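Have a look at the structure below, then the notes.
Read-outs throughout are calculated quantities, based only on the coordinates presented, and are distinct from any laboratory measurement. Quantities reported herein were computed from a predicted structural model and do not represent experimental measurements. Every residue, glycine as well, gets a Cβ built from its backbone with ideal geometry; the counts of neighbours run over all protein chains shown.
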Amino acid sequence: MDLSNIERQRKLMTALPVDEVWGVGRRISKKLDAMGIKTVCDLADTDIRFIRKHFNVVLERTVRELRGEPCLELEEFAPVKQEIICSRSFGEKLTDYNAMREAICTYASRAAEKLRREHQFCRFISTFIKTSPFSLNEPYYGNSASIKLLTPTRIVGKL
């Protein structure tokens, strides 16, 4: 559907109830309805000062957007992640060295997959283990190890 035509936009906005607008929930919708604002068109035509006085800045921006005034800049590209975290809590106590090593390798493999998918490289690795802070029978234990890689990589065998 082509919405570049202003008349077509207005016709559609007149036909849509205000609760069809993204971000307008039941509570706001009921309040708008009580104020006589029943359609998307009614909302778009409402004075900005009135909206600001009775609602929040988010609804004000929504009204401005409905009028064709861009309020939020679109990002062409998502910002590059500074870290990738792969962690898990185990349902039972894990004390076997080989089982812990296998779990760490599995998470390193998942991290490498994410790195490759995002065309990124790793230059710093951290791993941690800790016991449940809620255990009544045993003291809490936590430890971690970190290393800076000489050469950034995304190869699982080097992580």
Nearby aspartates and glutamates by direct alpha-carbon distance to K38 (threshold 20 angstrom, same-chain neighbours under 8 apart not counted): E7, D19, E20, D47, E60, E65
Could you state the angle between the C-alpha long axis of helix 6-15 and the longest principal axis of the C-alpha atoms of the chain, as a value from 0 to 90 degrees rounded to the nearest 10? 80 degrees
How large are Rg and Dmax for the chain when calculated on the C-alpha trace, in angstrom? 26.4, 71
Pop a pseudo-label 7 angstrom from the Cα along the beta-carbon direction at both T151 and F121 and give the gap in nm to one decimal. 0.9 nm
Mind listing the phi-derived Karplus ³J(HN,Hα) values for region 122-127, rounded to whole Hz, using 6.51, -1.76 and 1.60 with θ = phi - 60°, and x for any glycine or proline? 9, 10, 8, 10, 10, 9
Counting helices only, and only those DSSP H runs with n ≥ 4, report the 222 nm mean residue ellipticity of the chain as the sum of -39,500 (n - 2.57) divided by its residues, in deg cm²/dmol to the nearest 500. -12000 deg cm²/dmol
Amide H contacts under 5 Å for L149, restricted to residues at least 5 apart in sequence or on another chain and with H modeled in the peptide plane, are F124, I125
Can you compute the FRET efficiency between Y141 and V80 using 1/(1 + (r/R0)^6), with r the Cβ-Cβ distance and R0 = 41 Å? Round to the nearest 0.05. 0.70
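Full-extension gain between K158 and R64, please, as 0.36 nm times their residue separation minus the C-alpha to C-alpha distance. Mind dumping the intermediate values first?
Details: separation 94, 0.36 × 94 = 33.84 nm, distance 5.14 nm.
Extending this stretch completely gives an extra 28.7 nm.
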With the cut-off at 32 Å, tell me which of the pairs K130/K158; K93/K148; K31/K81; K30/K81 have Cα atoms farther apart than that. K31/K81; K30/K81
Taking the alpha-carbon distance from K114 and a cut-off under 12 Å, which aspartates and glutamates remain once sequence neighbours fewer than 8 residues away in the same chain are dropped? E83
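Counting other beta carbons within 10 Å of each residue's own, what order do H119, H54 fall into, fewest first? Before the final figure, lay out the partial values.
Details: H119 8, H54 13.
Least crowded to most crowded, the residues run H119, H54.
Report the extension gain between T106 and I129 in nm, rounded to one decimal, defined as 0.36 nm multiplied by the number of residues separating them, less their alpha carbon distance.
Values: separation 23, 0.36 × 23 = 8.28 nm, distance 1.46 nm.
6.8 nm is the gain from fully extending T106 to I129.
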For region 97-158, inverting the pair-averaged 1/r of distinct alpha-carbon atoms gives a Kirkwood value in Å of 13.4 Å
